[in-house]
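A short write-up of the structure that comes next.
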Amino acid sequence: MILTVPDFTLKQIAKPVVNFNTMELNALIAKMFSIMEAKDGVGLAAPQIGISLQIFVYGFSVCKRYPDAPPVPKGVAINPQILSVADDLIELEEGCLSVPGRRGLIKRNKAITFSAADATGERYEKTLYDFAARIVQHEIDHLNGILISDRASNLYDSVLI
Ligand code: NI
């Protein structure tokens, strides 16, 4: 499984999902979870596998790439909208499966409240903090064509990919 996709897909604004409760959507979400887990990721957005749709998955219990991160319950977010963010910014080293071998220090809001649809199309609201809030901000960035290279002032080599 290779996560190298054309740059333009990663830099595009992803399209909203319009058809919910379909076999295709459920299969895509299942595939995204399995790729994320196989790659030891903490989150994955559809544009990262070449699909320009506003979908991301996240969550893990233990992650080799972020050994100090506390577990984050799994979630799916479709057509997400940021409702509010905490003013507090936290700077932390961050990587991305689409930018292998590179990491950078990125400031993210300590908390985020967002709304999104689940696979049935029902919308929900959620507030997440700290590392979970960071993941969601990173994945929403992917849906807007923004990569860690756009956020970090410089990226450096990392063995943690
Ligand atoms: Ni990423």
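Descriptive notes on the structure:
- Per residue, the solvent-accessible area of the chain (1.4 Å probe, heavy atoms of protein chains only, all protein chains present) comes to 51 Å².
- Percentage, to the nearest whole number, of Cα pairs in the chain over 30 Å apart: 8
- Charged-residue dipole, Cβ positions (Lys, Arg, Asp, Glu), segment 48-140 about Cα centre, Debye nearest 20: 280
- Of the residues 90, 26, 59, the one whose Cα sits farthest towards the positive end of the charge dipole of the chain is 26 (charges of +1 on Lys and Arg Cβ, -1 on Asp and Glu Cβ, taken about the Cα centre).
- Filter on 64/110; 39/126; 15/107; 15/64; 31/64; 64/107 - keep pairs with C-alpha separation over 24 Å: 39/126; 15/107; 15/64
- Cleavage-rule hits (GluC sites (Glu not before Pro)) in segment 20-125: DSSP loop, at most 13 neighbouring Cβ within 10 angstrom: 122
- Of the trypsin sites (Lys or Arg not before Pro) found in segment 36-128, the ones in coil according to DSSP and having at most 10 other Cβ atoms within 10 Å of their Cβ are 64.
- Considering only 159, 133, 111, the residue lying farthest towards the positive end of the dipole of the chain is 159, judged by Cα position with unit charges set on Cβ.
- Overall form of segment 82-136 per C-alpha gyration tensor (a/c, 1.5; a/b vs b/c): oblate
- Share of carbon and sulfur in the accessible area of the chain stands at 56%, probe radius 1.4 Å.
- Shown is the FRET efficiency for residue 156 and residue 8, computed with R0 = 22 Å from the Cβ-Cβ distance and rounded to the nearest 0.05: 0.30.
The values are calculated or read from the model by the stated rules, or taken from the named source; none is laboratory data. Nothing here was measured: the structure is a model prediction, and the numbers come from that model. Reconstructed Cβ throughout: ideal geometry from the backbone, glycine too, with neighbour counts over all protein chains shown. The protein model used for the area step is the full one, side chains on, heavy atoms only, and it has no ligands, DNA or RNA in it. Shrake-Rupley method; radii C 1.70, N 1.55, O 1.52, S 1.80 Å.
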